[in-house]
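What follows is a single structure, written as structure tokens, with notes after it.
The values are calculated or read from the model by the stated rules, or taken from the named source; none is laboratory data. Here the structure is a predicted model, which is why all the values come from computation and not from measurement. As a convention, Cβ positions derive from the backbone with ideal geometry for all residues, glycine included, and neighbour counts pool all protein chains shown.
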């Protein structure tokens, strides 16, 4: 290499700080101490993430060589605009979830396990960030496992005993998905002799026609689709989100699937970036069909749910459909739509899950029938839910509208106007499931036998994060110039290689 | 961002102000309810011609506020309507209705002053939310369901409009809201999106379905904004589109026929909205300066007299504790003289009786048709004027305030409701006698002179004969002693018999469609319920084995795809 790129130590700090803080939580034992450490770390990580985003936008791709070993031999960390955007999403959600978690977790997790909860959240955070910054396919697997294993534990911490089976099922499926991923990486390694993603990009075209590499691609696609919960591999998700503690649901729904979508983008547009996959294989109709199935079938399923957390979980499956739809277009506009939707959806779904988590905290209610009259009893919380719900529908002035706009623009640009209509029609299904909650909360009277007809007694620590996300959904819905520009930059970077 | 830093978009005054209403009480709230519309009116009149406020959105420039004669005319009457509606609704206990209504009115003003399609769309969707909440806040179960149906129709319209707007932006690279031709996918989508809100076929039914379910004060607000903003956007975007003439004529006839068959007093008036908006859509379709002037003037006066009629109906509803059927009412003029008087003024105005506001505005549209040599259109418009007199001009006041004595003795409503009715009744008469201020507001200079001997004579003759047709039947009815029943026969049997001959073929085809549609809908719903309910195959908890099976299936599928395709 002619110019040795500058090494940026912040990249490794981003991963190492939460990784090292996790055992600290275990050592501290006390819930308050563990919480303080985790919160402080999450804020620090957010600071680093924002700084890194600024640097990437200013200076271009950032690199860090682990142990000083140069790229193909050593593990290289590498951050481009796509990765930086995902890092900021994960770090930002982490930073708002942890303050929220304090009270919520006290109610929902056995007190002698709370320190474990924070340790696991930090591990999960570290794993998710690692996936986004690493430039090495095997290292990515390691982080995938770090984040997955910790999320199995987090889900199993739910009070409901079904949380255990949900976590166990997710464990089986997640492990299968990760195994598929590592099989894919192994097959590629066999043909190319490298694990470095950038190296793979250059070597793959030469061997792209071999069965080994194509089989690798199949394993990778299916493995990631499972982690992404792309229909019909979403089956683990509803139970996992329903029975996990509220704070975990918020965190995972807003980050885990987003990072998986990032990995899918990396595989399709970076690792196989020099091979025009979408031109060689009918990948577009296949992905599009699955995306549309997710958008419609999962939304319809959401309409019939009684449990609001479960309803939102199915809504997540549907929203993943939008992201994959954007990816399936394989144009710069489509990828921008997919990427900006990752961010926007994290805000909206995070706010919605936080609101329902606050209801669970105050009343224990999570089903529609027990939500009757909640609009009167918890006006602030339900108002936040409505704001988030409007975003899920894609109303103007919310972040969801920007996603919808960008995806429709992309669909029309590719000449698929029926697709544009389908996107909008599926958003009408969101109207129905959001309306069902609104109807229960505002139209039905407070049941007479409910003794605790008290108002919002949700701690400030839960209210503020909830409104930060709901407010951000409105803010980035009215002034989307920054996020959209970022998504465009990221999409360009993906289409143009590292 | 702002061209003039001191200028606030007039729409925002009402929308932001709306959210102050729930947190205020007593006289502060009353002051807000009355003060905000006046403030908005002031802001509207400080908007000059051309783009006033712009901001950037994505790669486009949003012209949030752009003034023109036409937009100021609509914004003015919207603000006026908000004031009178607020005055009328001062003692409405459900504050959420007023909040929603004010946000709804503000959004309508936002549409009227919008200079680009994205701003139009944003306010369009806000209107849909606001108006849905107005219907829904009536609090009854029927209102809740009607609100849901209403919301779905409007959101569907919004979907079509949004596709149109984005496609238009891609096609032309501009989002400027100017005159366009319905000649491409994008512009057709925009036109259809606009038409949904006018109550055009085949979706006309949302209007009479939802409006009468709102509360006694809610319907007054609803009658004014949604359909009239749709008329405004048609006038700006599609004036001169031939198809609008036929759509408008259909709406006129639809409104008359259904209003004649109806028994619920506010539903009669709701059908009458479709009918009246039909006149304006025809005006937009003709598209000459005279026709655009006519449609704009008609929208202005219609908002006022229709609100007056609905205030009168709302007062009856409020004071009788919810009696809404013509058959339950009657003879109320003795105990509610003021309300009856207001209802009659509104009825005269809607029938375009000379010396009322309807006369000076509605005849402009038929004059425009006449000037263009569209004799069929002209003839149908004249015939429809007689129909309007029958269903809204006579039927509503006659059955509610006169006819038999129902035994009800409600009092006139409280002072604020009387004041609101008085204000609009005054405007109906004043604009009828002094049309010049209204004409001065019109988009094009006009030399139209309503009070020529020919016009007055023609109109009086028309009204006289259709009135005669109504009352000629009366002695016949009285003989049988069951007036209501006989009138029922008149409206329910005779009119449909006439219609049946006209629409036998059409009706059969539509009937077939409806049966097929109903079957399809039930089938789809039961299928969906079967698969999507919490125990259905798509929603129940899946064992790990099944999930793994899917994983293997997909792996095989992808292997086949990559290796052999």
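Here are a few things to note about the model shown:
- Unique residue being within 28 Å of residue B:215 (Cβ to Cβ) and either assigned by TED's automatic domain parsing to the domain that holds residue B:80 or surrounded by fewer than 24 Cβ atoms within 10 Å (Cβ to Cβ) (or both) when the list is B:273, B:257: B:257
- Filter result for residue B:419 (surrounded by fewer than 16 Cβ atoms within 10 Å (Cβ to Cβ), assigned to a helix (DSSP H, G or I) and touching a helix residue (DSSP H, G or I) at 6+ places or on another chain (Cβ under 8 Å)): yes
- In the set (1) surrounded by 23 or more Cβ atoms within 10 Å (Cβ to Cβ); (2) farther than 25 Å from residue B:96 by Cα, the condition left unmet by residue A:391 is number (2).
- Residues considered: B:138, B:146, B:205. Of these, the only one that is under 14 Å from residue B:227 (Cα atoms), surrounded by fewer than 24 Cβ atoms within 10 Å (Cβ to Cβ) and modelled with pLDDT under 90 is B:205.
- Annotation: of all residues in the range B:175-201 being free of Cβ contacts under 8 Å to residues at least 60 places away in the same chain and more than 21 Å from the chain's Cα centre (by Cα), the one that is nearest to the other protein chains (Cβ to nearest Cβ) is B:185.
- Test: residue in the range A:201-222 that is assigned to a helix (DSSP H, G or I), at pLDDT 90 or above, more than 10 Å from chain B (Cβ to nearest Cβ) and crowded, with 24+ Cβ neighbours inside 10 Å: no
- Failed item, numbered, when residue B:80 is tested on (1) surrounded by fewer than 16 Cβ atoms within 10 Å (Cβ to Cβ); (2) within 28 Å of the chain's Cα centre (by Cα): (1)
- Each residue in the range A:265-274 was checked for being within 13 Å of another protein chain (Cβ to nearest Cβ) and in a helix (DSSP H, G or I), and 2 of them qualify.
- Test for residue A:366: is it more than 13 Å from every other protein chain (Cβ to nearest Cβ) and in contact with a strand residue (DSSP E or B) (Cβ under 8 Å, 6 or more places away or on another chain): yes
- Beta carbons closer than 9 Å, at least 6 apart along the sequence or on distinct chains, pair a first residue in the range B:548-559 that is more than 8 Å from chain A (Cβ to nearest Cβ) with a second that is surrounded by 13 or more Cβ atoms within 10 Å (Cβ to Cβ) and outside any helix (DSSP H, G or I) for B:553/A:232.
- Neighbours by Cβ (under 7 Å, 6+ apart or cross-chain): first from the range B:134-154, within 12 Å of residue A:442 (Cα to Cα) and within 9 Å of chain A (Cβ to nearest Cβ); second at pLDDT 85 or above and crowded, with 22+ Cβ neighbours inside 10 Å: B:136/B:143; B:136/B:147; B:144/B:136
- Residues in the range A:275-308 that are away from chain B (no Cβ under 13 Å), surrounded by fewer than 24 Cβ atoms within 10 Å (Cβ to Cβ) and in a helix (DSSP H, G or I): A:288, A:292.
- Residue that is farther than 30 Å from residue B:429 by Cβ, surrounded by 24 or more Cβ atoms within 10 Å (Cβ to Cβ) and touching a residue at least 60 places away in the same chain (Cβ under 8 Å), where the choices are B:220, B:292, B:233: B:233
- Within the range B:57-77, the set of residues being in contact (Cβ under 8 Å) with a residue 12 or more places away in the chain and within 14 Å of another protein chain (Cβ to nearest Cβ) comprises B:57, B:60, B:61, B:62, B:64.
- Any chance residue A:242 is in contact with a strand residue (DSSP E or B) (Cβ under 8 Å, 6 or more places away or on another chain), buried (at least 21 other Cβ atoms within 10 Å of the Cβ), within 21 Å of residue A:117 (Cα to Cα) and in contact (Cβ under 8 Å) with a residue 40 or more places away in the chain: yes
- When residues in the range B:34-57 are screened for being part of a loop (DSSP other than H, G, I, E, B) and in contact with a helix residue (DSSP H, G or I) (Cβ under 9 Å, 6 or more places away or on another chain), 2 of them pass.
- Of all residues in the range A:163-190, those satisfying the criterion of being within 14 Å of chain B (Cβ to nearest Cβ) and more than 23 Å from the chain's Cα centre (by Cα) are A:183, A:187, A:188.
- Only one entry of A:333, A:338, A:346, A:313 meets the criterion of being more than 23 Å from residue A:244 (Cα to Cα), under 14 Å from the mean Cα position of the chain (by Cα) and in contact (Cβ under 8 Å) with a residue 12 or more places away in the chain, and that entry is A:338.
- The residue that is nearest to the other protein chains (Cβ to nearest Cβ), counting only those in the range A:377-409 that are over 28 Å from residue B:121 (Cβ atoms), in a helix (DSSP H, G or I) and in contact with a helix residue (DSSP H, G or I) (Cβ under 8 Å, 6 or more places away or on another chain), is A:380.
- Scan of the range B:393-418 for residues that are under 19 Å from residue B:461 (Cβ atoms) and under 21 Å from the mean Cα position of the chain (by Cα), ordered by number: B:393
- Per the conditions (1) within 7 Å of chain A (Cβ to nearest Cβ); (2) closer than 17 Å to residue A:427 by Cα; (3) at pLDDT 85 or above, the sole criterion not satisfied by residue B:170 is (2).
- A residue that is buried (at least 24 other Cβ atoms within 10 Å of the Cβ), part of a loop (DSSP other than H, G, I, E, B), more than 11 Å from chain B (Cβ to nearest Cβ) and at pLDDT 90 or above occurs somewhere in the range A:245-254.
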